[in-house]
Amino acid sequence: MSDKKYFIYTRKSTDTEDRQVRSLADQLSELRELAKKEQLEVVDVFVEKQTAKAPGRPVLAEMLGRIEAGEASGILAWHPDRLARNSVDGGKIIYLVDTGVITDLKFPTFWFESTPQGKFMLSIAFGQSKYYVDNLSENVKRGIRNKLKNGIWPQKAPIGYLNNRKTKMIGIDPDKAPLIKKSFEAYATGNYTLSGLRKTMSDLGLAGNNGQKLSISNYQYLLKNHLYYGMICFHQEFFEGKHEPIITKKLYDTCQEVMNRKSKPQYEGGLKPYVYRGLFKCAECGCYLTTETQKGHNYLRCTKRKGPCSQKYVREEAMTLMIQEELKKVSLPDDVVDWLIAEVEKEKTDDGKVSGIQIQKVNDEAVAIDFKLDKLMTAYLENALTLPEYQSAKNKLITEKQILK
């Protein structure tokens, strides 16, 4: 058996570049077979579950520290890219080999000897590992940019949508999308705070993808998410999404207005929104009539805020009958009704023609915006605009086009 002592080091992360790498158990099994075959003394086994893109892996640091303390002088690893995928870790290992602290490195898939040629090949292997990571990062970024240009959401679908593995797009979640729409509609009324909206929607069954209730900050993010009305906002830049929107741009804007003025609920404590609340004034004193419930019946009464008033209570049913009697006095004769219906039908036909003209006008405006976007891109590529200037102008045009849609 060799008089050298070795540490076994295995690593596997959940990052993309490690998906095709053998599992930790497979690596460990192969390394134990290598140690047995070459009669190497293994002092300890180190298992790392962290990416090697950046320095700072705690298990690797512990192993190298113990090597510097003299507990072992060699490392068994499945491949050099298990040890390092960044220049800092790779440089340190090569330095420890240069200074004799590490006297041997063994890999089932890579040849190494502590010679100038061996260290040169090791540095090339570390360099290739770093290049692979850097190139993979650029490819991922390029893929994300292409998806955005094509109107495809590049990340995990937010609540209300589902990722479609076949089309690589997001589709409507039939269970949660209606609740998302209801959240916007409820908040747009101005009758809810974020905490009140959270309680109401949680009671209706709206929850996160993990089944847990959404937090108040989740609702704030949800109500500000442009994705729900068909736009993609990625790193402060807008893109037209090809996914089906859950709400309209108008509803989204209404919610933003409500959020900006921090509206409070109109009916604190769950007060009943009576039919005639705030509709009538007292003929005697001019104060508004209010409604309250007594013994199961709704009554209208004068608030009497301006002073004494002799008017008494009126039941809501009696008020309804009086309104109906007054409406009968102004009902139209049948011939007038027929004439009005005919006029309405005529206006519908005329409106259809006008609508066609308006639709064509809107389409022309959308085409004009596309032309402006092309010119804007050309100006940016020719360095006539900075990136912030380009993004600001593009976001404005994309928003205008979404409103036209």
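How about segment 134-228: which helices (runs of 4 or more DSSP H) wholly inside it have at least 3 residues that are over 19 Å from K250 (Cα atoms)? So that I can check it myself, show each step before the final result.
On the way: elements: 177-188, 194-204, 216-223.
Helices (runs of 4 or more DSSP H) meeting the threshold: 194-204, 216-223.
Of the residues I357, I341, which single one is of a type in the set (A, V, I, L, M), open to solvent by 50 Å² or more (accessible area, probe 1.4 Å), assigned to a helix (DSSP H, G or I) and more than 23 Å from K249 (Cα to Cα)?
Step by step, each of I357, I341 is checked, and only I341 is of a type in the set (A, V, I, L, M), open to solvent by 50 Å² or more (accessible area, probe 1.4 Å), assigned to a helix (DSSP H, G or I) and more than 23 Å from K249 (Cα to Cα).
When only residues in segment 314-350 that are under 30 Å from C282 (Cα atoms) and polar (S, T, N, Q) count, which is modelled with the lowest pLDDT? Write out each step before concluding.
Within segment 314-350, the subset under 30 Å from C282 (Cα atoms) is 314-332.
Add one more test, that the residue is polar (S, T, N, Q), and what stays is 320, 324, 331.
Values: T320: 92, Q324: 89, S331: 81.
Checked segment 314-350; the qualifying residue modelled with the lowest pLDDT is S331.
What is the number of the single condition among (1) modelled with pLDDT under 85; (2) open to solvent by 30 Å² or more (accessible area, probe 1.4 Å); (3) at negative phi that G211 does not meet?
The failed condition is (3).
Please find, within segment 309-325, the residue that is most open to solvent (accessible area, probe 1.4 Å) out of those that are in contact (Cβ under 8 Å) with a residue 12 or more places away in the chain and in a loop (DSSP other than H, G, I, E, B).
Among them, the one singled out is Y313.
Can you tell me how many residues within segment 101-124 are open to solvent by 40 Å² or more (accessible area, probe 1.4 Å) and either within 13 Å of A52 (Cβ to Cβ) or in a loop (DSSP other than H, G, I, E, B) (or both)?
8
Search segment 67-88 for residues that are more than 11 Å from A125 (Cα to Cα) and open to solvent by 40 Å² or more (accessible area, probe 1.4 Å) and pair each with any residue that is modelled with pLDDT of 90 or more and part of a loop (DSSP other than H, G, I, E, B) when their beta-carbon atoms are under 8 Å apart and the residues are at least 6 apart or on different chains.
E68/V101
Any idea which of K328, K304 is open to solvent by 80 Å² or more (accessible area, probe 1.4 Å) and assigned to a loop (DSSP other than H, G, I, E, B)?
K304
Filter segment 19-55 down to the residues that are part of a loop (DSSP other than H, G, I, E, B) and surrounded by 12 or more Cβ atoms within 10 Å (Cβ to Cβ) and list them by number.
Narrowing segment 19-55 to residues part of a loop (DSSP other than H, G, I, E, B): 19-23, 38-40, 49-55.
Selection gives V21, R22, E38, L40, K49, Q50, T51, A52, K53, A54, P55.
The values are calculated or read from the model by the stated rules, or taken from the named source; none is laboratory data. Computed from a predicted model, the values in this text were never measured in an experiment. Neighbour counts are summed over all protein chains in view; Cβ atoms, including those assigned to glycine, are modelled from backbone coordinates with ideal geometry. SASA here: full protein model, heavy atoms, side chains in, ligands and nucleic acids out. Shrake-Rupley method; radii C 1.70, N 1.55, O 1.52, S 1.80 Å.
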